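A.B. asks: Below is a structure I'd like to ask you about.
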Amino acid sequence: CSRWEEEKKEDGVKWMQLEHRGPYFVPLYEPLPEDVQFYYDGSPTLELALFFQRTGIWISIPFSKDRHKQQLHVELVLPPGFSQPLSPLSQEMTSEEQEIIKDLDKCDFREIHKYFVDKNEARKALPKEEKQKLKEEADKIQEEYGYCILDGHREKIGNFKTEPPGLFRGRGEHPKMGMLKKRIMPEDVIINCSRDSKIPEPPEGHKWKEVRCDNTVTWLASWTENVQNTLKYIMLNPSSKLKGEKDWQKYEVARRLKDVVHTIRAQYRRDWKSKEIKKQQRAVALYFIDKLALRAGNEKEEGETADTVGCCSLRVEHIQLHPQLDGQEHVVELDFLGKDSIRYYNKVSVEKPVFRNLQLFMKNKDPADDLFDQLTTTFLNKYLQHLMDGLTAKVFRTYNASITLQEQLKALTNPEDNVAGKLLSYNRANRAVAILCNHQRSVPKTFARSMEVLQEKIDAKKKQVEEAQEEVRKAEEEFKETKDAKAEANVEKKKKLLKRLEEQLAKLNIQATDKEENKQIALGTSKLNYLDPRISVAWCKKFGIPIEKIYNKTQREKFAWAIDMAGEDFEF
C-alpha cells in the first residue's frame, strides 16, 4: 500500500492532530539614516523608505509616528492603470501632509534610490562567511515557521509569511489596481490547530483574532485582506500528503467523466432542440464549457469586483455571430474579460443548432443583457451533479486538458527523436492545452534580448559546423591520396566532431523554435493545475526522458504521488 492510499479517515475529516507556530509577520518599518532625504518639488519633506518588489520599486512612508509605523508604498515604475497613485495614500495622510504631497511627478526619490542600490550592492559583495550567516538566519525562520506536525508527521507549510503592505496590483487591468493593501496584524488572524496542541504564541503585545479547532479544513491560519475583502490562507505545501491526496482525487474525478462524457454530449445535443428555453440555454452553455473549456462564471454582487465573466454570465455584447467568416460557417466570435481580468478572444465554428439557438437567445436584447438569461451557475452545477457525482464545470476543464495532452503526445512524439526533439513535442502538446484553457502571458521584457543572444549562439555554431565540414573534406582528400591508417582515423575523428556540432546546432534551433512559440503562452498553469501528472510521468518513462526535464524539484515534490503510481502504460 503506497503512502497515498493509507490511513483513510471519516468523510470530511482532514486531520486528527495539527500543531504549528502560526504566521511569520513581515518586519516593521525601519527608519532611514537622517542624511537620506525625500524631496518634494525640490525641498526635503517626509522621511521615506523604499524596497524592491517584483513589479517595480516601491516607496514606504511612515506619515506619523503614532500610526504603528505602518508601511505604505508608492510604485516608482508605474504600470498602465495607476492613474491616481497617491489617492489611496492620501486617506492615510494628515491634512498638513495632504497639502504638501499632491503630485507624484514632483516626488524625488533619487537619494533614497541610491541608498538602497548601494545597500543592495554591498549585500551582494559580502564575504562568503557573512552570506552564510544570512542564509542560516533565513533557514532558522524556515525551520521554526515553515513546518507543522500533522497526525504525527512533520509536514512542510506552503506560504508561512504574511504579505507586506503595498499598493494592490492585481492581474490584467484590475479596477482596484492602486488601492492600499494594509499591514496584516496578529489581531486580523484566525489560528486553526488541534485542541491538544500547543497554541502558537502571538508576537509580544498582540493577540490572535480567534483560535479554533476545525479538522474539516486544511488551512492553518486565515485573515481577510482589505482590498477585495477575500480570505487569505496559510496552507500546507503542495508536497504534503493531504495536498497530494486532494490532487489525486481531483484527477480521478476527471477520469470518471471519461466513462460518461459521450452520454452527456449526446444529451446536450438533444437538448438543443428542446422546446424549453431553459434547457436550450443549459445545453449551449454546457457545449461551450465542454468544447471551449470556458469557466462556468461565479455569481457575484454588482460592483464587487472587476467586470469579469464566465460562460453563464456572458452578455450579448460579448458575442458576435457570423453566418460565414474566413471560409468557415456558423462562426461565433467571443470577446470578454475572464478570470483575473485576462481577455478571452476566440473565433470558433459551431454546430448549426448552436448557432441558431444563439440567434434566438440574442433576439430583442440589448448589448448589456444576459445571453443566458434563464441560466445560473448554481442551476448548471446542480444539473452536472445529477449527471455524475462530483461533476462541475472545472472537471470538464481538467478532463479536456488532460485528454488533449495525452492525444497530442501520442500524435506528436517521434520515438526516433533525440531528447531535445521529444521535449519540443511535449511543449507543443502542453501548448495546445494552454491555448484551449486561454492561459496567456505578456511577452517577457527580456524576450527580444534573449532571442538575440540565442541567435548569436546559433550563428557561431553554424560557423563551427561550416569549418568542421571543411575539415572533413580536407581529411577525406588526404586519405584518398595516402590511403594511410592514420589519415583514415583522422577522417573518423573529424566526422565525429562534425556530427556533435550538428547535433548542438539542431538543439539550439529547437530551443529557438520553442522559445518563439511559447512567448505569449503560459505553460505552467495547465501543467500544475489541469494536467494529470501521471500522463507526463508515463510519457517520460516510456520514452526515457528524465522527469526533471519536465518537472523542477518543487513540482516533483508536489507530484510525488504520480511519480510513485504511474507506469509507462498509464492511460488517463
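The values are calculated or read from the model by the stated rules, or taken from the named source; none is laboratory data. Computed from a predicted structure; not experimentally measured. Cβ: placed from backbone, ideal geometry, glycine included. Neighbour counts: every protein chain shown. SASA here: full protein model, heavy atoms, side chains in, ligands and nucleic acids out. Shrake-Rupley method; radii C 1.70, N 1.55, O 1.52, S 1.80 Å.
A.B. asks: Under 6 Å by Cβ, and 6 or more places apart or on different chains, what pairs join a residue from region 452-467 that is over 15 Å from K499 (Cβ atoms) and in the same structural domain as A512 (by the TED database) with one that is assigned to a helix (DSSP H, G or I) and of a type outside the set (V, I, T)?
C.D. replies: Pairs that qualify, where the first residue is over 15 Å from K499 (Cβ atoms) and in the same structural domain as A512 (by the TED database) and the partner is assigned to a helix (DSSP H, G or I) and of a type outside the set (V, I, T), are L454/A512; K457/L508; I458/L508.
A.B. asks: Looking at region 363-378, is at least one residue in the same structural domain as V309 (by the TED database), surrounded by 14 or more Cβ atoms within 10 Å (Cβ to Cβ), at pLDDT below 90 and within 25 Å of K246 (Cβ to Cβ)?
C.D. replies: yes
A.B. asks: Right, another one. Filter region 305-338 down to the residues that are charged (D, E, K, R) and buried (at least 18 other Cβ atoms within 10 Å of the Cβ) and list them by number.
C.D. replies: R315, the sole residue that qualifies.
A.B. asks: Give E548, E557, E516, E502 a once-over and let me know the one that is open to solvent by 50 Å² or more (accessible area, probe 1.4 Å), free of Cβ contacts under 8 Å to residues at least 12 places away in the same chain and farther than 21 Å from T404 by Cα.
C.D. replies: Among E548, E557, E516, E502, only E548 is open to solvent by 50 Å² or more (accessible area, probe 1.4 Å), free of Cβ contacts under 8 Å to residues at least 12 places away in the same chain and farther than 21 Å from T404 by Cα.
A.B. asks: Among the residues of region 216-224, is there at least one that is open to solvent by less than 10 Å² (accessible area, probe 1.4 Å) and assigned to a strand (DSSP E or B)?
C.D. replies: Yes, because at least one residue in region 216-224 is open to solvent by less than 10 Å² (accessible area, probe 1.4 Å) and assigned to a strand (DSSP E or B).
A.B. asks: Still on this structure, please answer the following. With the condition kept exactly as written, say whether any residue in region 225-234 is in a loop (DSSP other than H, G, I, E, B), in contact with a strand residue (DSSP E or B) (Cβ under 8 Å, 6 or more places away or on another chain), among the aliphatic types (A, V, I, L, M) and open to solvent by less than 70 Å² (accessible area, probe 1.4 Å).
C.D. replies: yes
A.B. asks: Check G166, G178 and return the single one that is in contact with a helix residue (DSSP H, G or I) (Cβ under 9 Å, 6 or more places away or on another chain) and at pLDDT below 90.
C.D. replies: Matching residue, one of G166, G178: G178.
A.B. asks: Taking the condition of being buried (at least 17 other Cβ atoms within 10 Å of the Cβ) and among the small types (G, A, S), how many residues in region 235-282 meet it?
C.D. replies: Matching residues across region 235-282 total 4.
A.B. asks: Here is a further query. K156 - would you say it is touching a residue at least 60 places away in the same chain (Cβ under 8 Å), open to solvent by 60 Å² or more (accessible area, probe 1.4 Å), farther than 29 Å from L337 by Cβ and outside the structural domain of L337 (by the TED database)?
C.D. replies: Taking the combined requirement at face value, the residue satisfies it.
A.B. asks: Here's something else I'd like to know. Just name the residue that is modelled with the highest pLDDT out of those in region 9-31 that are of a type in the set (F, W, Y) and open to solvent by less than 50 Å² (accessible area, probe 1.4 Å).
C.D. replies: Ranking the qualifying residues of region 9-31, first place goes to F25.
A.B. asks: Return the residue satisfying two criteria in turn: it lies in region 323-349 and is touching an Asp or Glu at 6+ places or on another chain (Cβ under 9 Å) and modelled with pLDDT of 90 or more, and of such residues it is nearest to G170 (Cα to Cα).
C.D. replies: Top of the filtered list is S349.
A.B. asks: Follow-up question, since we're still on this one. Could you check N346 against (1) under 22 Å from E276 (Cβ atoms); (2) out of contact with any helix residue (DSSP H, G or I) (no Cβ under 9 Å at 6 or more places or on another chain); (3) open to solvent by 40 Å² or more (accessible area, probe 1.4 Å) and say which number it fails?
C.D. replies: (1)
A.B. asks: Now for a different question. Counting only residues that are closer than 28 Å to T446 by Cα, give me the helices (runs of 4 or more DSSP H) lying completely in region 480-572 with at least 3 of them.
C.D. replies: Because the criterion is at least 3 residues that are closer than 28 Å to T446 by Cα, the helices (runs of 4 or more DSSP H) in region 480-572 that meet it are 485-518, 523-529, 553-558.
A.B. asks: Evaluate region 288-295: report whether one residue or more is open to solvent by less than 30 Å² (accessible area, probe 1.4 Å), β-branched (V, I, T), not assigned by the TED database to the domain that holds N552 and not in a helix (DSSP H, G or I).
C.D. replies: No - not one qualifying residue is present in region 288-295.
A.B. asks: To continue, here is another question. Quick one: count up the residues across region 395-425 that are over 30 Å from A296 (Cβ atoms) and touching a Cys at 6+ places or on another chain (Cβ under 8 Å).
C.D. replies: Looking only at that region, the number is 0.
A.B. asks: Additional query: Are any of the residues in region 176-197 surrounded by 16 or more Cβ atoms within 10 Å (Cβ to Cβ), among the acidic types (D, E) and either under 30 Å from Y344 (Cα atoms) or not assigned by the TED database to the domain that holds L337 (or both)?
C.D. replies: Yes, because at least one residue in region 176-197 is surrounded by 16 or more Cβ atoms within 10 Å (Cβ to Cβ), among the acidic types (D, E) and either under 30 Å from Y344 (Cα atoms) or not assigned by the TED database to the domain that holds L337 (or both).
A.B. asks: In region 232-256, what residues are of a type in the set (G, A, S) and at pLDDT 90 or above?
C.D. replies: Listed by number, the list holds a single entry, A254.
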